[in-house]
């Protein structure tokens with residue numbers, strides 16, 4: 001594995017931390033380096049510490065680690081917050097002319113750059129972060145010219161003067177460090193490659209997947225950390241004949257999306273746990289009216305308002321069991337940013353094939369993390385659309401009419417899936433309802449019809465189990481005695497933890513599961529392993545509970561609920577530790 | 001649309017379970033006639049119904065329909081119309097559905113001005129749950145849950161619509177079949193959100209707001225020479241607490257419906273068999 005560099009810029013929310021970080025990340029990506037970003041932030045618009053962190057390497061990077069090499073600190077708190085990750089080889093760029101007196105541990109390299117003054121020389125104090133980027137380029141041996149393209153991308157819309165000023169600001173920072181510091185001793189020299197990469201986060205991947213999958217109608221209500229899906233689609237989905245509508249609340253959002261789906265459009269809503277609470281009201285209606293709908297839950301820390309800008313995977317049980325009564329739903333949880341794209345497409349296909357709501361469960365960590373991929377990772381030619389039993393010509397419709405010529409929208413079939421006619425289809429007019437209904441969709445309390453409809457809906461799950469792959473991903477040594485299972489966004493950290501574990505001589509097999517329901521049966525894998533650990537970002541081990549139930553055994557668990565995602569090195573340590581503990585009682 | 005569509009084509013073969021004499025019969029008949037009269041047929045019509053006695057309407061009519069969750073009929077109708085501008089959307093519900101549990105949606109549906117029709121069957125009582133106060137019940141109306149009356153002023157749905165920026169506000173009476181049909185028809189033909197509050201008496205649980213009461217008290221705005229395009233005149237009749245009116249109170253002739261304003265004109269059910277042709281452009285954006 002090539003040497004990686006961990007870089008961060010931190011300051012107050014409102015200091016432009018995010019956009020500055022993004023500019024540097026894009027420059028690294030353009031230089032053919034892999035990038036993995038993460039953010040520390042508070043929910044306030046201004047006020048409160050925030051940081052944008054970049055891990056970069058010429059190899060693929062898919063996790064954060066507990067190490068920080070270069071830090072641009074706009075505030076003392078930025079330094080204080082990151083003391084644990086800084087080390088003696090770290091360099092800290094700060095502005096000594098600012099009112100605060102930087103307290104930097106002696107063993108680190110303090111790089112005092114008059115960011116504000118140099119920015120003013122280039123045309124305005126607002127560009128001080130860009131001066132810092134220039135300084136960072138010099139320290140890391142990274143050609144400042146790589147910044148130019150991302151500055152053009154970021155500021156191009158504001159005119160060439162602004163772009164030129166920013167380029168100048170970057171050079172001033174670079175030159176200042178060159179003239180005043182000997183940073184060669186730090187030994188950083190960022191290698192570049194000819195590779196082309198795209199840089200995107202999980203929410204962007206979900207949005208792009210939705211458009212690729214033919215989603216044309218999106219209704220949502222803003223909520224952290226799901227809003228950026230809505231923002232991505234707005235301004236893009238229109239190019240494909242679609243529309244995004246901002247509803248008055250989540251109750252409305254899911255009902256609008258339901259309306260769009262009943263009308264025949266591939267429809268979607270996205271929210272976070274607190275919004276799913278409200279949407280749960282309508283969830284049963286979606287499921288029992290057999291409406292294809294994709295509901296994305298970008299999880300954040302709960303319960304209630306919880307920690308709105310912090311990571312957690314605490315909504316699994318809600319996705320599986322939310323709502324009164326019993327009705328099937330599918331729960332899909334992509335395990336990486338590129339998989340956010342593919343699983344979104346799959347969610348739409350599952351929804352229409354089985355006429356059921358599909359929860360697409362992601363999380364905050366994945367939603368804010370940007371990662372580089374070769375563009376082929378999103379090969380649009382590979383996208384397949386399956387609309388299931390949509391009937392649109394007269395013959396097809398005729399086949400499903402009863403003796404009186406009425407369309408049997410909830411016909412009881414062997415596979416549990418009924419024909420689907422959308423408005424405008426001749427002779428397809430029918431009713432659907434949240435009441436228990438007969439084949440025609442009309443209210444019934446007849447015992448036989450009730451049982452037939454419940455069984456038919458549940459039969460869709462059995463059909464899907466047989467027809468779909470429900471594959472999981474695997475890393476590490478397939479024959480290892482120790483098995484580690486995880487779901488969702490922990491995959492990257494776990495895959496990288498393998499490198500650390502290998503160094504320590506610990507051999508493990510990793511299984512990363514993107515399907516929560518239906519899900520692959522891992523009983524054989526669990527039984528074959530001497531020890532099994534389930535890793536997830538919640539306190540109670542919701543996925544571990546499911547696996548224990550499936551395999552009828554007790555499993556070890558690693559749970560993190562601090563609000564911060566797993567880091568590769570930290571996870572490796574915990575796995576080693578866990579393996580040495582007693583197996584829980586049967 | 002086929003010109004030979006009759007209003008009975010919008011009737012399902014399910015017998016209504018409304019109480020004999022319920023206002024909802026007349027309300028529904030007028031809606032079906034108005035739909036047929038405006039050139040619609042069951043296969044291009046989507047009816048969304050809420051919960052309550054009124055919510056049963058989707059079962060008794062024949063069209064594409066969804067009988068939804070209590071109070072959320074308008075959002076469903078909004079979704080249908082945005083995804084399928086070619087489909088006629090008719091939303092129906094009661095005063096509880098529209099002005100209590102769904103009041104928030106009412107305000108926003110009004111201001112969104114999606115081109116659909118909303119008929120509220122207002123009987124000023126909760127009928128399906130056997131006689132509790134509704135948001136339009138009179139303040140002194142005694143019910144099982146308000147034995148001394150609600151002691152709250154009733155919601156004025158017309159004023160709520162006006163304050164929310166409505167482009168079409170009307171009121172009709174289920175028993176005045178011809179006028180009711182005319183008014184609903186005008187709401188359907190209106191370019192935007194056509195809102196009709198329909199007095200639809202409950203013969204079982206409301207002995208105050210009865211057929212006789214409305215027959216005796218209703219003032220027809222047509223006979224009063226009311227000009228619905230005159231906002232000030234509309235405001236006056238809507239805020240008049242003394243009289244009950246029927247007719248079109250307000251109509252914004254310059255109304256531009258949501259779909260038109262936002263360029264939402266395509267049938268969203270039609271999608272390619274794979275990703276759109278130029279979808280790789282979306283990927284390249286992330287360079």
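The values are calculated or read from the model by the stated rules, or taken from the named source; none is laboratory data. Just so we're clear, the structure is a prediction, and the values are computed from it rather than from any experiment. For neighbour counting, all protein chains shown are included, and Cβ atoms are generated from backbone atoms with ideal geometry for every residue, glycine included.
Conditions first: (1) more than 10 Å from chain B (Cβ to nearest Cβ); (2) under 22 Å from the mean Cα position of the chain (by Cα); (3) within 28 Å of residue A:420 (Cα to Cα). Residue A:287 passes all but one, so which condition is the exception?
Going through (1) more than 10 Å from chain B (Cβ to nearest Cβ); (2) under 22 Å from the mean Cα position of the chain (by Cα); (3) within 28 Å of residue A:420 (Cα to Cα) one by one, residue A:287 breaks only (2).
I need the full set of residues from the range B:2-11 which are within 11 Å of another protein chain (Cβ to nearest Cβ) and at pLDDT below 95, in order please. Write out each step before concluding.
Taking the range B:2-11 as the starting set, the residues that turn out to be within 11 Å of another protein chain (Cβ to nearest Cβ) are B:2, B:9-10.
Once the filter is applied, which keeps residues that are within 11 Å of another protein chain (Cβ to nearest Cβ) and at pLDDT below 95, the range B:2-11 yields only B:2.
Please state which one of A:190, A:199 is in contact (Cβ under 8 Å) with a residue 60 or more places away in the chain, touching a strand residue (DSSP E or B) at 6+ places or on another chain (Cβ under 9 Å), more than 20 Å from residue A:309 (Cβ to Cβ) and in a strand (DSSP E or B). Full working, then the answer.
On the way: A:190 fails: in a strand (DSSP E or B).
Of A:190, A:199, the one residue that is in contact (Cβ under 8 Å) with a residue 60 or more places away in the chain, touching a strand residue (DSSP E or B) at 6+ places or on another chain (Cβ under 9 Å), more than 20 Å from residue A:309 (Cβ to Cβ) and in a strand (DSSP E or B) is A:199.
Inside the range A:292-303, can you point out the residues that are in contact with a helix residue (DSSP H, G or I) (Cβ under 6 Å, 6 or more places away or on another chain) and surrounded by fewer than 24 Cβ atoms within 10 Å (Cβ to Cβ)?
Result: A:302, single match.
Which residue out of A:231, A:312, A:238, A:281 is modelled with pLDDT of 95 or more, assigned to a loop (DSSP other than H, G, I, E, B) and either over 21 Å from residue B:105 (Cβ atoms) or within 11 Å of chain B (Cβ to nearest Cβ) (or both)?
Numbers: A:231 fails: assigned to a loop (DSSP other than H, G, I, E, B); A:238 fails: assigned to a loop (DSSP other than H, G, I, E, B); A:281 fails: assigned to a loop (DSSP other than H, G, I, E, B).
Just one listed residue meets the conditions, A:312.
Kindly establish whether residue B:191 is surrounded by fewer than 23 Cβ atoms within 10 Å (Cβ to Cβ) and touching a residue at least 40 places away in the same chain (Cβ under 8 Å).
yes
So if I check each of A:545, A:569, which one is in a helix (DSSP H, G or I), closer than 20 Å to residue A:515 by Cα and within 27 Å of the chain's Cα centre (by Cα)? Lay out the reasoning, then the answer.
Numbers: A:569 fails: closer than 20 Å to residue A:515 by Cα.
Selected residue: A:545, the only one of A:545, A:569 that is in a helix (DSSP H, G or I), closer than 20 Å to residue A:515 by Cα and within 27 Å of the chain's Cα centre (by Cα).
In the range B:185-210, which residues are in contact with a strand residue (DSSP E or B) (Cβ under 7 Å, 6 or more places away or on another chain) and more than 16 Å from residue B:228 (Cβ to Cβ)? Full working, then the answer.
Here is the first cut: in the range B:185-210, the residues in contact with a strand residue (DSSP E or B) (Cβ under 7 Å, 6 or more places away or on another chain) are B:186-188, B:190, B:192-200.
Matches in the range B:185-210: B:198, B:199, B:200.
Just for helices (runs of 4 or more DSSP H) wholly inside the range B:205-286: which have at least 3 residues that are under 30 Å from residue A:244 (Cα atoms) and without any contact (Cβ under 8 Å) to a residue 40 or more places away in the chain? Steps first, answer last, please.
Numbers: elements: B:211-217, B:231-239, B:258-261, B:280-284.
Because the criterion is at least 3 residues that are under 30 Å from residue A:244 (Cα atoms) and without any contact (Cβ under 8 Å) to a residue 40 or more places away in the chain, the helices (runs of 4 or more DSSP H) in the range B:205-286 that meet it are B:280-284.
Can you tell me which residue among B:241, B:263, B:194 is at pLDDT below 95 and either away from chain A (no Cβ under 14 Å) or in contact with a helix residue (DSSP H, G or I) (Cβ under 8 Å, 6 or more places away or on another chain) (or both)? I'd like the intermediate steps shown before the answer.
Working: B:263 fails: at pLDDT below 95; B:194 fails: at pLDDT below 95.
The conditions single out B:241.
Tell me yes or no: at least one residue of the range B:117-135 is more than 8 Å from chain A (Cβ to nearest Cβ) and closer than 22 Å to residue A:427 by Cα. So that I can check it myself, show each step before the final result.
Taking the range B:117-135 as the starting set, the residues that turn out to be more than 8 Å from chain A (Cβ to nearest Cβ) are B:117-135.
Filter once more, so that each one left must be closer than 22 Å to residue A:427 by Cα: none.
No, the range B:117-135 contains no residue that is more than 8 Å from chain A (Cβ to nearest Cβ) and closer than 22 Å to residue A:427 by Cα.
Can you find a residue that is surrounded by 24 or more Cβ atoms within 10 Å (Cβ to Cβ) and closer than 14 Å to residue A:136 by Cα anywhere in the range A:27-49?
For the range A:27-49, residues surrounded by 24 or more Cβ atoms within 10 Å (Cβ to Cβ) and closer than 14 Å to residue A:136 by Cα: present.
So which residues in the range A:245-256 are within 12 Å of residue A:218 (Cα to Cα) and surrounded by fewer than 24 Cβ atoms within 10 Å (Cβ to Cβ), if there are any at all?
A:246, A:247
In the range A:468-494, what residues are closer than 30 Å to residue A:418 by Cα and either free of Cβ contacts under 8 Å to residues at least 24 places away in the same chain or crowded, with 21+ Cβ neighbours inside 10 Å (or both)?
A:469
So which residues in the range B:66-84 are more than 20 Å from residue A:424 (Cβ to Cβ), in a helix (DSSP H, G or I) and at the interface with chain A (Cβ under 7 Å from one of its Cβ atoms)?
B:75
Residues in the range B:109-119: is at least one more than 27 Å from residue A:237 (Cα to Cα) and surrounded by fewer than 23 Cβ atoms within 10 Å (Cβ to Cβ)?
no
Could you list, in sequence order, all residues of the range B:85-105 that are in a helix (DSSP H, G or I), within 10 Å of chain A (Cβ to nearest Cβ) and buried (at least 24 other Cβ atoms within 10 Å of the Cβ)? Outline the logic, then answer.
So the first thing to find is which residues in the range B:85-105 are in a helix (DSSP H, G or I), and the list is B:95-101, B:103-105.
Of the ones still in play, those that are also within 10 Å of chain A (Cβ to nearest Cβ) are B:101, B:104-105.
Residue satisfying the conditions is B:105 alone.
Looking at (1) part of a helix (DSSP H, G or I); (2) more than 30 Å from residue B:210 (Cα to Cα); (3) more than 8 Å from chain A (Cβ to nearest Cβ), can you tell me which one residue B:25 breaks?
For residue B:25, the failing item is (2).
If you go through the range B:33-55 one residue at a time, how many are in contact with a helix residue (DSSP H, G or I) (Cβ under 8 Å, 6 or more places away or on another chain), within 13 Å of chain A (Cβ to nearest Cβ) and either free of Cβ contacts under 8 Å to residues at least 40 places away in the same chain or assigned to a helix (DSSP H, G or I) (or both)?
The number of residues fulfilling the criteria is 3.
Here are some residues: A:213, A:205. Which one is in contact with a strand residue (DSSP E or B) (Cβ under 7 Å, 6 or more places away or on another chain) and touching a residue at least 40 places away in the same chain (Cβ under 8 Å)? Give the derivation first.
Details: A:205 fails: in contact with a strand residue (DSSP E or B) (Cβ under 7 Å, 6 or more places away or on another chain).
Being in contact with a strand residue (DSSP E or B) (Cβ under 7 Å, 6 or more places away or on another chain) and touching a residue at least 40 places away in the same chain (Cβ under 8 Å) holds for just one of A:213, A:205, which is A:213.
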